[in-house]
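Engineer: I have a structure I would like to understand better, so I am pasting it below and will then ask my questions one at a time.
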Amino acid sequence: MARLFEKSSGGIVYRKKWNFYEILLLERKNPKWKSVYVIPKWRIENEEKAKETALREISEETWLDENELEIIKFITKINFTFIASYKEWSPTINKDVYLFLVKYNWTSEPNLKSFENIGEEREKIIWHKWFKLAELKWLDVKPDIFSYVKKNLQYM
């Protein structure tokens with residue numbers, strides 16, 4: 001059985017709106033077409049640094065202006081293994097995900113466009129939405145970011 005190693009980077013994107021913090025999540029369909037929420041992230045390319053990938057991918061996946069994104073801190077590296085049954089030969093993938101806390105320094109409400117023509121894997125992403133912190137614990141979020149947000153509230 002083939003085994004692949006991948007590195008990805010992304011972030012927990014937050015903003016302060018009125019007196020509330022909100023977290024931006026993407027809604028995507030898993031292989032069983034069940035909705036799950038994920039953070040914006042993707043593979044690290046070539047010699048790119050994890051911070052650079054996080055900002056680039058957040059911008060590409062959400063259409064937020066990269067100049068309005070600010071990495072506040074590195075949170076953790078998550079490692080997991082899964083069988084990629086969506087690929088033809090179902091390889092086992094060992095994956096590292098570098099997770100950052102990212103502030104969205106917004107001046108106006110972002111234009112969250114529809115997801116068209118953004119690649120075969122990403123076309124499973126169907127929507128993105130800002131959630132208040134209290135809403136996170138009730139969502140099916142991969143990874144479970146609620147605990148990461150709670151541990152890093154003092155940096156927000």
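Here, each number is a calculation from the coordinates, and none is a lab measurement. Source: prediction; values computed, not measured. Cβ sites come from the backbone with ideal geometry, for glycine too, and all protein chains shown count toward neighbours.
Engineer: Among the residues of region 21-80, how many are β-branched (Val, Ile, Thr) and under 20 Å from residue 155 (Cβ atoms)?
Structural biologist: Adding up the residues that qualify gives 8.
Engineer: Tally the residues that are under 12 Å from residue 39 (Cα atoms) and without any contact (Cβ under 8 Å) to a residue 12 or more places away in the chain, restricting the search to region 133-145.
Structural biologist: Of the residues in region 133-145, 1 are under 12 Å from residue 39 (Cα atoms) and without any contact (Cβ under 8 Å) to a residue 12 or more places away in the chain.
Engineer: Can you tell me which of 58, 71, 78, 23 is touching a Gly at 6+ places or on another chain (Cβ under 6 Å) and either closer than 19 Å to residue 137 by Cα or not in a loop (DSSP other than H, G, I, E, B) (or both)?
Structural biologist: Going through 58, 71, 78, 23 in turn, the sole match is 58.
Engineer: Limited to region 136-156, what total is found for residues that are of a type in the set (Phe, Trp, Tyr) and in a strand (DSSP E or B)?
Structural biologist: So the count comes out to 0.
Engineer: Any idea which of 94, 79 is over 21 Å from residue 146 (Cβ atoms) and not aliphatic (A, V, I, L, M)?
Structural biologist: It is 94.
Engineer: In region 127-144, how many residues are in contact with a strand residue (DSSP E or B) (Cβ under 9 Å, 6 or more places away or on another chain), over 13 Å from residue 26 (Cα atoms) and surrounded by 12 or more Cβ atoms within 10 Å (Cβ to Cβ)?
Structural biologist: Going through region 127-144 one residue at a time, the tally reaches 2.
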